[in-house]
Amino acid sequence: MSTAAAHHHESGGLTPEQVETFHRDGYLIVPQALTPSTVAACLAETHRLLDSFSLEDHPMTRFSTGQEGAEHVGDDYFLTSGDKIRFFFEEDAFGPDGKLNKPKARAVNKIGHYLHELSAPFRAITRPSPDVSETPQPVRPAAVARALGFRDPRCLQSMVICKQPEIGGAVPPHQDSTFLYTDPPSAVGFWYALEDATLANGCLSFLPGSHRWAPIRQRLVRRQQGGVAVGTEMVANEGTQFPPGGEYAEKGDQSTEEEYVPGEVKAGDLVLIHGNLLHKSEKNTSQKGRIIYTFHVIEQDGTKYDERNWLQPPEQGFTRLYASS
Ligand code: FE2
């Protein structure tokens with residue numbers, strides 16, 4: 001066992017060097033954060049969900065993060081998915097006749113958004129078993145959050161993203177705090193590869209350091225019509241645009257295509273993504289899928305979760321990462 005692995009087992013958190021890298025780059029790849037058996041359990045669960053959901057009562061929602069499309073995820077099926085397990089299709093899974101052109105298990109772009117409570121294998125990642133006889137995860141989200149300085153981290157918006165062979169959609173450059181806005185911004189993405197993610201099958205790429213200069217200028221909110229949410233829209237962010245701390249300074253748009261750095265990762269690796277960091281992924285045109293699991297963590301203590309955000313807390317509140325005492 002390497003020293004790094006031994007360190008993980010002691011703390012389950014991050015080394016000071018890893019914390020420094022995260023603050024410098026706005027993202028951090030943590031190798032082998034999940035045990036192989038956890039990866040296998042989560043993949044088996046993903047395939048069970050893909051194979052067992054019913055098309056009969058499905059509104060055939062397409063999911064797109066494309067900024068310009070007005071067809072943006074407008075409907076109730078999406079807006080009420082924050083405490084459910086629901087299925088969203090790839091844009092390119094539909095033929096000209098509007099029907100699926102792939103078997104349903106090969107057509108789903110993502111499954112969300114309450115896996116961290118409703119699905120045992122995924123729940124076990126954020127809520128580890130107290131049974132000491134079980135092998136602990138090498139890296140534990142609560143310990144990572146502690147290392148990053150969270151006081152009351154809450155988990156929300158968990159999803160499996162399938163990035164299907166041949167049709168897995170591209171995700172344009174974006175910042176996650178745009179979608180899960182707190183004032184001040186506090187979101188950090190936890191992104192676990194359940195299969196290898198490579199340049200060929202549409203791995204993530206990052207604009208290193210952009211979290212220090214790219215403000216949260218826009219936010220995704222529920223679009224209201226006569227007091228009813230009928231979809232989502234982007235609006236100007238009139239709140240705080242950076243997390244607290246002196247290291248942030250707006251420098252205008254200097255992003256260019258070639259500055260993005262790809263993050264190829266192995267199954268079991270974790271990528272941490274600062275909510276202000278610009279990142280994206282390309283279309284998967286290969287024959288290999290790219291299944292990943294992701295959730296976000298926000299700071300509950302001393303921030304305001306915006307009541308117009310697309311995702312609203314369930315009655316019991318967002319899931320605590322730290323055990324309440
Ligand atoms: Fe993202």
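The values are calculated or read from the model by the stated rules, or taken from the named source; none is laboratory data. Model, not experiment: these values are computed from the prediction. No Cβ is skipped: glycine too gets one built from the backbone with ideal geometry, and neighbour counts run over all protein chains shown.
Brief remarks follow.
- When we screen 200, 214 for residues that are within 14 Å of the ligand (Cβ to nearest atom) and either farther than 23 Å from residue 307 by Cα or in contact (Cβ under 8 Å) with a residue 60 or more places away in the chain (or both), the only hit is 214.
- Being farther than 21 Å from residue 300 by Cα and either at pLDDT 90 or above or of a type in the set (Phe, Trp, Tyr) (or both) is true of residue 106.
- Residue in the stretch 274-297 that is nearest to the ligand (Cβ to nearest atom), counting only those that are part of a strand (DSSP E or B) and in contact with a helix residue (DSSP H, G or I) (Cβ under 9 Å, 6 or more places away or on another chain): 279
- Of the residues in the stretch 168-184, at least one is touching a residue at least 12 places away in the same chain (Cβ under 8 Å), out of contact with any strand residue (DSSP E or B) (no Cβ under 7 Å at 6 or more places or on another chain) and surrounded by 23 or more Cβ atoms within 10 Å (Cβ to Cβ).
- Residue within the stretch 253-267 that is part of a loop (DSSP other than H, G, I, E, B), within 22 Å of residue 297 (Cα to Cα) and among the hydroxyl-bearing types (Ser, Thr, Tyr) present: no
- Some residue of the stretch 306-319 being touching a residue at least 12 places away in the same chain (Cβ under 8 Å), in contact with a Lys or Arg (Cβ under 7 Å, 6 or more places away or on another chain), closer than 30 Å to residue 228 by Cβ and β-branched (Val, Ile, Thr): yes
- For the stretch 258-273, filtered to residues that are out of contact with any strand residue (DSSP E or B) (no Cβ under 6 Å at 6 or more places or on another chain) and modelled with pLDDT of 95 or more, the residue that is nearest to the ligand (Cβ to nearest atom) is 264.
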